[in-house]
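First comes the structure, then the notes that go with it.
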């Protein structure tokens, strides 16, 4: 039998009334890639948090390399040989890349302070990471941050490496490069625990899979002997019937809702685009090719020049106010910082944009507020204990639903710009979100969905455009849509692909 | 780095400009006596501000410093009495530092263990210390040993030795902050505590240390305050807001992780200079408060100017077609 580099036994952990984990046991052999899958809120992150020493368990033990983790701190786990790439990173954004890399290695492995810069350059080069070490970490693209996070975890030379959703910001080729790296490490004898919601991706590299549901282990399987469908069924506890809502054929000459001409910003453009009433347009592309800045510019969040119109009226994109007034709503991919007020209740988040309508002589009437949101909350199947619950206590999928409720309640929405609408969202909730977007489109709005998941785009959208280097390089009509077609367009659209992993937007000079 | 130096240049320019203007109009300003008293006057604020900079670097505030300095003056009136001398004074001096360490630990306990915001925690400490001071000395009484005060204020020419000491200390502290591993760790904790903890740093220890250093510096500042008033006054310390002002004018970020000890020293000196100069022009000292307030606003605006300028430019600039490198 191979030796276990990580062994957690009988872990239980409660946060207040929520039992996040219940007597979960998982082990990881040396040289093994062990996938940990489950819906959001199934306890994956809590399990990793405990294994890495960041959280203390209520019950149960953690052994790293056959040594028990007695003192629950990240430093102690690291000393025992555990490296972790956090889903939301461990970067100090105000420091330079070099300083972050320097802090990431154990004190005895650090070079003299003065040599930090050149040392960091060499270190990152060893990972094929082309990131300027003098850049402020906060200026990196999300993809670059994610790859840097994995590199930092590996710098501790761990026996066991935990990866928490390491590919959320990565395009297909960066994922492949990451997987190459992970396989290399496994061959070298590192045990890897890989958490991801992207099943096909993680199954492509995993040796074994453990499924979690509602904080309870559903069993560990040989990856080769278990089908994706079976895993999904275990994750959600019911067989998944349809993954995407049905699409109706758009009327031949549907009215144009959103028209963009010659729009360009610092990282994209010029872009010409038309989206019709009832249409969901997908934006595909490798990460960091201007998709996000383009959406944000349309919403008035980033600066751009050029023209756009909504429903025939020119769009004032100098600030978010213009697009909002015109009915153009951005669903930011950064839910915690931009789309929601995490500490406010579900109710407050849902109604915050329409308080005027709910108030009489300046006083918001709770009854009206509840009535206004009740139907939508029901229809979108927001799962929560109460509408007074802070949004941050909901799972990712339910948070996303609340931000949809908030936008839909406005009533004047004409265009929805959705940036990664299902990022960090579990399988069940994904369908609800697709369905909500589709239903809204059928009411006569236009939607633009930026996603790094080709499968999602091919299932949800009526048409997909592929962006590369800030421009639209290919348009895929409805009858051609398919995961493979989109992936090929993304790959094929970039001549001379020789770039290193994570060569994203580059660091600013 | 260039941006980090802006506060230093600005403070130096202001000190020189105000000094030059005053020297031209009031010859008394440049007299050795006045310069000596200006430097001595600056000591309590300079020292406590260096401590305050530590608190700001880890993303906190310490508003209890002034009350702590008062407490130290009151303590001195009991432990550093005129009747004792020589080696007998050492325990008395240590008592002041002890008060500082105890206060720092108490603040750290409130902040780290009870998880109170630092401004609330230290506000509580401020009240406790203020009450204790008034309990011990209901009114200014109890002379403080002149051997001690003379030793503290001794100098070469008109420059107090202690002033040279703090200049060296501030310079060394900046070197530590920006040129060493421990300094980097402190800044990292101030910028992002969660990430720092994930990276395996002992963030709790760092923050406790910062608040203890802050209080110890305040107690050392207390020595110089004692030297100034020479009597156990329970209502003397008022450097709480001024010390924060000095740290901010010196370049500290209110969000933590950024700051300069030398900049803080210059700013603290400049604030004292304003106080020193106004009476020479027969102006009411209330102007000092207003000037300081206006300066802080101005400084914050100026220090953030790179962002403001960038924002303004991006609003105006013709955007170049595309600068996206290949992925």
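Scanning the stretch A:137-172 for residues that are in a strand (DSSP E or B) and within 17 Å of residue A:64 (Cα to Cα) yields a total of 4. Among the residues of the stretch B:162-176, which ones are without any contact (Cβ under 8 Å) to a residue 60 or more places away in the chain and touching a helix residue (DSSP H, G or I) at 6+ places or on another chain (Cβ under 9 Å)? Hits for the stretch B:162-176 are B:172, B:175, B:176. In the set (1) buried (at least 19 other Cβ atoms within 10 Å of the Cβ); (2) touching a helix residue (DSSP H, G or I) at 6+ places or on another chain (Cβ under 7 Å); (3) at the interface with chain B (Cβ under 10 Å from one of its Cβ atoms); (4) touching a residue at least 12 places away in the same chain (Cβ under 8 Å), residue A:93 fails one condition alone, (1). So which residues in the stretch A:94-108 are at pLDDT below 90 and more than 15 Å from residue B:182 (Cα to Cα), if there are any at all? Residue satisfying the conditions is A:94 alone. Here the condition is being more than 14 Å from every other protein chain (Cβ to nearest Cβ) and touching a strand residue (DSSP E or B) at 6+ places or on another chain (Cβ under 7 Å); of B:119, B:144, it holds for B:144 alone.
One line per residue, one yes/no per condition, for (1) out of contact with any strand residue (DSSP E or B) (no Cβ under 6 Å at 6 or more places or on another chain); (2) under 23 Å from residue A:423 (Cα atoms); (3) surrounded by fewer than 21 Cβ atoms within 10 Å (Cβ to Cβ); (4) touching a residue at least 12 places away in the same chain (Cβ under 8 Å):
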residue	(1), (2), (3), (4)
A:108	yes, no, yes, no
A:113	yes, no, yes, no
A:131	yes, no, no, yes
A:150	no, yes, no, yes
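Residue B:48: within 12 Å of the chain's Cα centre (by Cα) and assigned to a loop (DSSP other than H, G, I, E, B), yes or no? Against the criterion (within 12 Å of the chain's Cα centre (by Cα) and assigned to a loop (DSSP other than H, G, I, E, B)), residue B:48 does not qualify.
Within the option set B:89, B:109, B:105, being part of a helix (DSSP H, G or I) and within 16 Å of residue B:68 (Cα to Cα) holds for one residue only, B:105.
So that you can scan it fast, the table gives a plain yes or no per residue for (1) free of Cβ contacts under 8 Å to residues at least 12 places away in the same chain; (2) buried (at least 21 other Cβ atoms within 10 Å of the Cβ); (3) assigned by TED's automatic domain parsing to the domain that holds residue A:330:
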site: A:387; (1), (2), (3): no, no, no
site: A:390; (1), (2), (3): no, no, no
site: A:424; (1), (2), (3): no, no, yes
site: A:441; (1), (2), (3): no, yes, yes
site: A:471; (1), (2), (3): no, yes, yes
site: A:475; (1), (2), (3): no, no, yes
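Summed over the stretch A:56-90, the residues that are surrounded by fewer than 20 Cβ atoms within 10 Å (Cβ to Cβ), in contact with a strand residue (DSSP E or B) (Cβ under 7 Å, 6 or more places away or on another chain) and free of Cβ contacts under 8 Å to residues at least 60 places away in the same chain give a count of 6.
Every residue, every condition in (1) out of contact with any helix residue (DSSP H, G or I) (no Cβ under 8 Å at 6 or more places or on another chain); (2) over 30 Å from residue B:86 (Cβ atoms); (3) modelled with pLDDT of 95 or more, yes or no:
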{"site": "B:105", "(1), (2), (3)": "no, yes, yes"}
{"site": "B:115", "(1), (2), (3)": "yes, yes, no"}
{"site": "B:142", "(1), (2), (3)": "no, no, no"}
{"site": "B:145", "(1), (2), (3)": "no, no, no"}
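So the check is Cβ under 7 Å with 6+ separation or different chains; which pairs have a first residue in the stretch B:238-261 that's free of Cβ contacts under 8 Å to residues at least 60 places away in the same chain and a second one that's crowded, with 22+ Cβ neighbours inside 10 Å? Close Cβ pairs (under 7 Å, with a partner that is crowded, with 22+ Cβ neighbours inside 10 Å) amount to B:245/B:271.
Could you tell me whether residue B:255 is in contact with a helix residue (DSSP H, G or I) (Cβ under 6 Å, 6 or more places away or on another chain) and either over 13 Å from residue B:45 (Cα atoms) or assigned to a helix (DSSP H, G or I) (or both)? When the stated conditions are applied, residue B:255 does not pass them.
Of all residues in the stretch B:204-238, those being within 14 Å of chain A (Cβ to nearest Cβ) and buried (at least 24 other Cβ atoms within 10 Å of the Cβ) number 0.
In the stretch A:58-90, what residues are more than 13 Å from chain B (Cβ to nearest Cβ) and farther than 15 Å from residue A:193 by Cβ? Once the filter is applied, which keeps residues that are more than 13 Å from chain B (Cβ to nearest Cβ) and farther than 15 Å from residue A:193 by Cβ, the stretch A:58-90 yields A:58, A:59, A:60, A:61, A:66, A:67, A:68, A:70.
Return yes when residue A:221 is closer than 19 Å to residue A:415 by Cα and at pLDDT 85 or above and no when it is not. No: the conditions fail for residue A:221.
Restricting attention to the stretch A:160-176, the residues that are surrounded by 21 or more Cβ atoms within 10 Å (Cβ to Cβ) and out of contact with any helix residue (DSSP H, G or I) (no Cβ under 8 Å at 6 or more places or on another chain) add up to 2. The condition (being touching a strand residue (DSSP E or B) at 6+ places or on another chain (Cβ under 7 Å) and either crowded, with 17+ Cβ neighbours inside 10 Å or within 14 Å of chain B (Cβ to nearest Cβ) (or both)) is satisfied by just one residue among A:202, A:216, A:274, A:256: A:202.
The values are calculated or read from the model by the stated rules, or taken from the named source; none is laboratory data. Fair warning: this is a prediction, and the values are worked out from it, not measured in the lab. Note that we place each Cβ from the backbone using ideal geometry, even for glycine, and neighbour counts take in every protein chain shown.
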